[in-house]
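These notes are about the structure you will find just below.
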Amino acid sequence: MTAERPSRSTEAFFGRRHGKPLRPHQAGAMARILPELKVDLKSPAPADLKTLFPVPVEAVRLEIGFGGGEHLHHEANRFPSAGFIGVEPFVNGMAKMIAKLDETPLPNLRLHDDDATQLLDWLPDASIDGIDRFYPDPWPKKRHWKRRFVSEVNLDRFARVMKPGARFRFASDIDTYVNWTLLHCRAHEAFDWQAQSPLDWRTPYEAWPGTRYEAKALREGRVPAYLTFIRK
Ligand SMILES: C[S@@+](CC[C@H](N)C(=O)[O-])C[C@H]1O[C@@H](n2cnc3c(N)ncnc32)[C@H](O)[C@@H]1O
């Protein structure tokens with residue numbers, strides 16, 4: 001008999017990770033809140049993705065690998081008329097987000113707690129108004145670069161689900177990953193990079209709250225780059 005393998009659609013995903021065991025109140029909040037907010041990938045995606053949300057929304061945005069959810073919670077609060085789908089397979093990151101939602105619920109937020117490629121493959125064509133990928137795992141060693149989330153196959157996934165004119169925002173403090181992403185997006189026919197000068201990628205995004213990983217990078221003296229690509 002063959003053992004069941006965890007489903008994954010890329011070679012670059014290593015499964016849902018757990019850090020420290022959750023405290024009882026965190027586990028309780030997860031059990032209460034996450035099932036309500038989880039996107040059900042077993043049912044087909046609705047033709048109009050906006051109907052995923054219990055409140056009327058005008059656009060749907062995605063944040064992949066939100067960590068503790070600092071940016072996602074802030075952004076979903078800032079744009080109540082947009083729906084947000086947040087993806088984070090790291091259990092302790094999801095628990096942080098759930099704790100924030102326990103204090104301040106957001107009706108315009110849905111969650112996926114596994115590999116983002118599963119969600120991307122479920123989404124209808126041209127249904128997404130923006131994708132954020134901030135501080136993806138850097139894989140700094142050259143022999144591991146192929147594990148990076150930004151890749152030709154994942155840019156194809158982005159291109160399929162993004163509406164024309166939608167933005168893909170990518171931040172990183174790792175120079176080789178920034179260059180890697182620039183090269184991959186420039187080589188991809190669906191994406192344009194519109195930066196005019198270094199100020200464009202050295203300046204944080206509008207109303208940027210920072211993220212936990214970014215704070216660490218800054219403390220350690222690394223300089224972030226904030227890239228924005230447009231789906232043509
Ligand atoms: C370095 S952390 C950065 C977290 C957060 N964006 C921040 O800036 O603090 C990268 C995150 O990407 C998530 N991640 C890695 N592979 C992923 C995948 N295939 N789908 C979704 N998230 C992923 C990890 O679980 C991790 O939380």
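The values are calculated or read from the model by the stated rules, or taken from the named source; none is laboratory data. Only a predicted model underlies this, so the values are computations on that prediction, with no experimental measurement involved. Every residue, glycine as well, gets a Cβ built from its backbone with ideal geometry; the counts of neighbours run over all protein chains shown. The accessibility values were calculated without ligands, DNA or RNA, using every heavy atom of the protein model including side chains. Shrake-Rupley method; radii C 1.70, N 1.55, O 1.52, S 1.80 Å.
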Condition check: modelled with pLDDT under 95, within 16 Å of the ligand (Cβ to nearest atom) and of a type in the set (Val, Ile, Thr). Does Thr2 satisfy that?
no
In region 117-131, which residue that is open to solvent by 10 Å² or more (accessible area, probe 1.4 Å) and within 12 Å of Leu62 (Cα to Cα) is nearest to the chain's Cα centre (by Cα)?
Asp129
Flag if Glu220 is within 16 Å of the ligand (Cβ to nearest atom), touching a strand residue (DSSP E or B) at 6+ places or on another chain (Cβ under 8 Å) and of a type outside the set (Phe, Trp, Tyr)
no
Across region 134-157, what is the total count of residues that are in contact (Cβ under 8 Å) with a residue 60 or more places away in the chain, of a type in the set (Val, Ile, Thr) and assigned to a loop (DSSP other than H, G, I, E, B)?
0
Do the conditions hold for Arg16, that is, is it farther than 18 Å from Lys100 by Cα and either touching a strand residue (DSSP E or B) at 6+ places or on another chain (Cβ under 7 Å) or open to solvent by 30 Å² or more (accessible area, probe 1.4 Å) (or both)?
yes
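Every residue, every condition in (1) open to solvent by 60 Å² or more (accessible area, probe 1.4 Å); (2) of a type in the set (D, E, K, R), yes or no:
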| site | (1), (2) |
| --- | --- |
| Arg186 | yes, yes |
| Ala207 | no, no |
| Gly210 | no, no |
| Tyr213 | yes, no |
List the strands (runs of 3 or more DSSP E) inside region 55-113, counting only whole elements, that have at least 2 residues being among the polar types (S, T, N, Q).
none
